[in-house]
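Everything on this sheet refers to the single structure shown next.
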Amino acid sequence: MMTHKALKTGGMGEWLLADTPDSAFQAWAGRAYLGLMAFMKNRLAVLGLLIIAILIIIAVLAPVIAPYDPVETNIGNRLQPLSFTHYFGTDEMGRDIFSRIVWGSRLTLYVIGLVAIIAAPVGILVGTVAGYFGGIIDTMLMRITDIFLAFPKLILALAFVSALGPGIENAIIAISITSWPPYARIARAETITIRNSDFIKAVKLQGASALRIIAGHIMPLCLPSLIIRVTLDMAGIILTAAGLGFLGLGAQPPSPEWGAMTSSGRTYIIDHWWLITMPGTAIFIVSLAFNLLGDGLREVLDPRSDN
Amino acid sequence: MIAVENLNVFFGHGQTRNHAVKDVGFTVEKGESFGLVGESGSGKSTVLNCISGLLTHWKGRIEIDGVRLMQTRNMAFCRKVQMVFQDPYGSLHPRHTIDRTLKEPVKIHRLGDANNRVARVLDDVGLGAKFRFRFPHQLSGGQRQRVAVARALILDPEIILLDEPTSALDVSIQAEVLNLLQDIRREKNLTYILVSHDLAVVSHMCNRLLVMNRGKTVETITRNQLKSGAISEKYTTQLLVAGKGYDRTAIDQFQDFR
Amino acid sequence: MTENTPLLTVNDLSVVFPSPKGEVCAVNNVSFSMGREKIGVVGESGSGKSLTGRAVLRLLPPYARVGASDITFKGRNLLSCSEKQMRKIRGMEISMVMQDPKYSLNPVRTVGEQIREAYTIHHKAGKKQARQKTLDMLKAVRIRNPEQVYGLYPHEVSGGMGQRIMIAMMLIPEPSLLIADEPTSALDVTVQLQVLAILDDLVGERGMGLIFISHDLALVSSFCDRVIIMYGGQIMEVVDAGNLHKSNHPYTKGLLSCLPKIDGTQDHLPTLVRDDVWLKPVPGRVNGEAAS
């Protein structure tokens with residue numbers, strides 16, 4: 001009731017910035033609104049977010065946007081330059097490159113989405129548990145983390161894919177396995193600074209279990225730096241996926257994966273530049289967008305800039 | 001109600017081992033407010049942390065209601081003993097609303113009726129409903145400390161441990177929080193142990209106090225002794241003089257007590 | 001105050017910060033003037049006492065807007081000084097001691113080196129001479145074994161010692177005004193008084209002016225000659241320290257009465273009732289008292 005009244009009389013802005021919120025929802029909304037305002041001030045980050053939003057729209061509407069079937073070959077129409085019928089030209093099998101890039105955005109989102117869903121929770125769980133309990137648990141978990149960190153990411157992913165067999169799902173698993181250790185490190189460092197603060201002591205004295213403290217009190221404070229790191233890592237994940245695709249260990253032909261496209265286009269780089277340039281540019285723009293977004297999020301979410 | 005005997009605490013190992021609390025003992029009656037006074041490094045907060053169970057590697061005997069406490073504490077202990085911390089900025093979770101902070105203990109102990117309990121306890125500390133859904137950063141230092149008191153009260157404890165509850169606050173706010181603490185103690189017949197470096201605050205709140213220096217007990221005195229100046233220990237006298245403000249001749253006579 | 005030429009005169013100083021909810025005037029029309037004396041600035045958090053000290057030295061972040069009709073130090077107009085001239089004045093003419101020495105000292109260099117550097121920046125002197133000067137200064141702040149302390153790193157000294165080192169470092173260029181912002185609030189009471197005694201002696205010997213910024217009214221009134229009481233960015237009143245207890249201003253009276261006293265009762269402490277009337281600028285009263 002109260003919230004409705006506030007909405008009508010004071011308008012949205014006043015409701016969001018109210019000093020005395022009437023509900024937990026309003027309090028969170030106000031907080032999110034202030035964060036959004038701060039984020040909007042960073043033009044480049046907004047640009048990054050915009051590019052990612054466009055990418056998502058393209059992926060969702062791929063069947064509508066793409067003029068041709070991405071995998072249908074037409075040998076008679078191969079290696080056509082840029083024109084109004086084929087915006088980005090055609091490749092060595094006569095497939096429309098624009099359509100392939102549009103459909104390829106789905107694969108890209110699929111890869112980064114799944115990697116984030118797998119790697120980030122594993123990282124935060126390992127990190128907070130190790131940081132909170134310390135001692136032998138910490139030592140064991142962190143040494144395992146160190147083993148994963150000791151190998152270069154792409155080499156380790158290569159080894160896993162070779163063992164599991166090539167394919168996009170295996171590429172995702174391989175990238176996830178190699179991405180979580182840095183997240184665990186970050187979460188552990190944050191946890192160690194948080195676990196001795198008075199508000200954790202207070203909830204301990206109230207008899208809260210370790211699980212409750214980690215999940216309800218420590219993890220929410222580790223999330224911001226983790227979200228920033230994951231966003232900044234997205235670029236690297238895209239590049240690793242593209243790299244695996246390029247080496248023939250990721251998505252298999254004829255699926256329109258951007259990395260695989262650059263790989264198959266490299267033999268034609270001198271005479272038919274668009275084969276490699278178009279997917280390469282797509283990789284570049286999306287990676288850049290994630291980096292810009294990550295930088296913007298850092299300014300908004302970083303707990304150290306909280307006042 | 002509370003009895004502490006031969007309490008010893010060591011920090012560190014080998015060469016860097018530090019005997020932080022040496023054979024400290026005292027008793028507190030039910031409904032009493034007992035003060036622990038000392039300068040930094042005197043071990044006064046360490047004693048409090050042993051009683052609360054935040055520190056586990058102590059030796060000695062701590063009894064509450066005649067029951068000897070072990071190193072680990074159970075849920076019933078949590079309902080009986082609560083604590084208020086010094087820094088109002090560090091003792092509230094920065095991303096939880098006041099409502100969530102206060103509901104947490106109710107949920108942990110499955111007491112039910114969380115909404116009414118929160119409303120009642122906010123009333124008890126003089127904050128009222130309009131603060132309920134704010135974040136800590138939207139409150140002043142004094143308001144945060146009231147929330148910390150409310151959090152300690154929501155489980156209806158019998159003992160509250162106060163670790164320098166007002167030393168981070170402005171004097172006018174300190175007066176308000178001290179008044180609140182006294183009202184609540186009288187109303188609910190609570191037992192307090194108050195740790196402070198400020199003799200005036202302790203003498204305002206407590207009838208008996210223990211003076212500590214470098215982990216050792218200096219003496220246990222009553223408020224009346226403090227008022228009349230009937231103090232035998234030089235260390236306490238020096239603390240008393242120092243609390244009265246800047247006096248050039250008195251300062252030259254200060255000693256370093258070991 | 002019988003001096004004819006004041007050491008520092010500040011007129012109509014104000015500091016404004018931008019914020020999402022409009023501009024915040026953190027210091028508003030502050031005017032005072034002081035000679036070679038100990039003047040205390042007292043107020044609660046948010047009263048603008050620290051900002052006043054920093055604004056004089058131009059040590060505020062660039063987004064803060066500082067305005068004043070006059071800031072004169074030893075006859076020089078600080079408002080017209082360039083940043084380069086200000087840098088020379090800071091340290092050499094006006095020094096500042098902050099609350100926590102841990103943040104003011106460089107953690108990877110010995111304290112001796114840092115004090116010596118503070119001396120050589122402002123004085124042409126050989127290494128040996130500067131070292132001797134540093135050791136003398138450490139002795140002056142009553143450090144018993146200056147040779148040993150010279151080689152210590154900031155984390156190896158205690159809080160009281162650290163603050164003495166800060167004072168040594170700030171006084172070695174022989175400034176004529178020292179601004180001390182809560183210099184002893186982080187220390188135990190006895191150590192606090194010992195550090196203040198050192199400060200008192202040095203300021204007296206050298207005939208310096210001292211602006212002592214603190215929240216502790218009782219301490220300031222026993223330590224300083226005059227007290228400026230600030231509230232909400234404005235000066236409430238300026239009183240001689242000895243007459244503080246006779247003050248008629250409701251804010252000063254409120255601050256004094258809400259302190260618990262050892263010989264008091266255990267009844268409710270009187271609480272301070274804030275009154276917006278205090279904040280209405282009353283021209284004449286504030287300026288008149290400050291110029292006395």
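Structure notes:
- Measure of compaction for region C:1-76 (Cα Rg per 2.2 N^0.38 Å): 1.17
- Global size of region B:61-142: 15.1, 44 Å for Rg and Dmax (C-alpha atoms, Rg to one decimal, Dmax whole).
- Among C:ASP267, A:ASP22, C:ASP188, the sequence by solvent-accessible area, most first, with a 1.4 Å probe is C:ASP267, A:ASP22, C:ASP188.
- Nearest-ten-degree value, helix B:98-108 long axis tilted from longest Cα axis of chain B: 90
- Normalised radius of gyration (Cα atoms, divided by 2.2 N^0.38 Å) for chain A: 1.21.
- Here's how it looks for B:GLU219: its modeled amide H is under 5 Å from those of B:VAL211, which are all 5 or more places away or on a different chain.
- Taking 1.002 mPa s as the viscosity and 20 °C as the temperature, the Stokes-Einstein diffusion coefficient of region A:50-118 based on its alpha-carbon Kirkwood radius rounds to 168 µm²/s.
- Burial ranking of peptide ranges B:144-155, B:214-225, B:43-54 (average Cβ count within 10 Å, highest at the top): B:144-155, B:43-54, B:214-225
- Pair A:SER83, B:MET75: separation of 7 Å Cα→Cβ label points (nm): 7.7
- Probe 1.4 Å, accessible area per residue of the protein assembly as shown, Å²: 45
- Across peptide B:93-101, the average count of Cβ atoms from other chains found within 10 Å of a residue's Cβ is 6.
- Less than 5 angstrom separates the built amide H of C:ASP70 from those of C:ASN11, all sequence-distant by 5 or more or on a different chain.
- Extent of region C:94-174 along its three principal axes (Cα atoms, max minus min coordinate, largest first): 30, 28, 24 Å.
- C:SER95 long-range amide H proximity, modeled H, under 5 Å: C:LEU177, C:LEU178, C:ILE179
- Taking every Cα-Cα distance in region B:22-167 and sorting them into 10 Å bins from zero, the calculated P(r) comes out as 10, 38, 34, 16, 2 percent.
- Calculated over region A:1-140: convex hull of Cα atoms, volume per residue (Å³): 237
- Relative frequency of Cα-Cα separations exceeding 31 Å in chain B, percent: 28
- Per atom type, the protein assembly as shown shows carbon and sulfur on 57% of its accessible surface, probed at 1.4 Å.
- Space enclosed by the convex hull of the alpha-carbon atoms of region A:234-307, per residue, Å³: 88
- Exercise: per-residue mean of other protein chain Cβ atoms within 10 Å, A:192-204: 6
- Base-10 log of normalised Debye intensity for region A:181-307 (one unit scatterer per alpha-carbon) at q = 0.10, 0.13, 0.21 Å⁻¹: -0.51, -0.69, -1.11
- Inter-site label distance for B:LYS22 and C:ARG76 at 7 Å from Cα along Cβ, in nm: 5.4
- Of every Cα-Cα pair in region C:170-262, the percent that sits beyond 19 Å: 45
- Within straight-line reach of C:LYS127, meaning a Cα separation under 24 Å, sit the following lysines at least 8 residues removed in sequence or on another chain: C:LYS88, C:LYS139.
- Cα pair distances in region A:133-247, grouped into 10 Å bins until the bin that holds the longest one, percent each: 12, 35, 29, 17, 6, 1
- Longest to shortest principal axis, alpha-carbon extents of region B:1-58, angstrom: 42, 23, 19
- Its Cα gyration tensor gives chain C an equivalent ellipsoid; the semi-axes, largest first and in whole Å, are 33, 24, 18.
- Solvent-accessible surface ranking, highest first, for C:LYS133, C:LYS253 at 1.4 angstrom: C:LYS253, C:LYS133
- Computed from Cα positions, the angle between helix B:171-188 and the longest principal axis of chain B comes to roughly 70 degrees.
- In chain B, lysine pairs with alpha-carbon atoms under 23 angstrom apart (chain gap of 8 or more, or interchain): 25
- Based on alpha carbons, the Rg and Dmax found for region B:112-169 are 11.7, 35 Å.
- Extent along principal axes [Cα atoms of region B:140-251; Å; largest to smallest]: 47, 28, 26
- Here the protein assembly as shown is treated as a Stokes sphere of Kirkwood radius computed over C-alpha pairs; at 4 °C and 1.567 mPa s its diffusion coefficient rounds to 41 µm²/s.
- For region C:1-136, convex hull of alpha carbons as volume per residue, Å³: 163
- Counting, for every residue in C:244-254, the Cβ atoms of other protein chains within 10 Å of its Cβ and taking the mean gives 0.
- Two numbers describe the Cα atoms of region C:127-217: Rg and Dmax, which are 13.1, 43 Å.
- B:HIS109 - accessible surface, heavy atoms, 1.4 Å probe, Å² rounded to 10: 20
The values are calculated or read from the model by the stated rules, or taken from the named source; none is laboratory data. Computed from a predicted model, the values in this text were never measured in an experiment. In this analysis, Cβ positions are derived from the backbone assuming ideal geometry, glycine residues included, and neighbour counts consider all displayed protein chains. Side chains included, ligands, DNA and RNA excluded: accessible areas come from the protein's heavy atoms. Shrake-Rupley method; radii C 1.70, N 1.55, O 1.52, S 1.80 Å.
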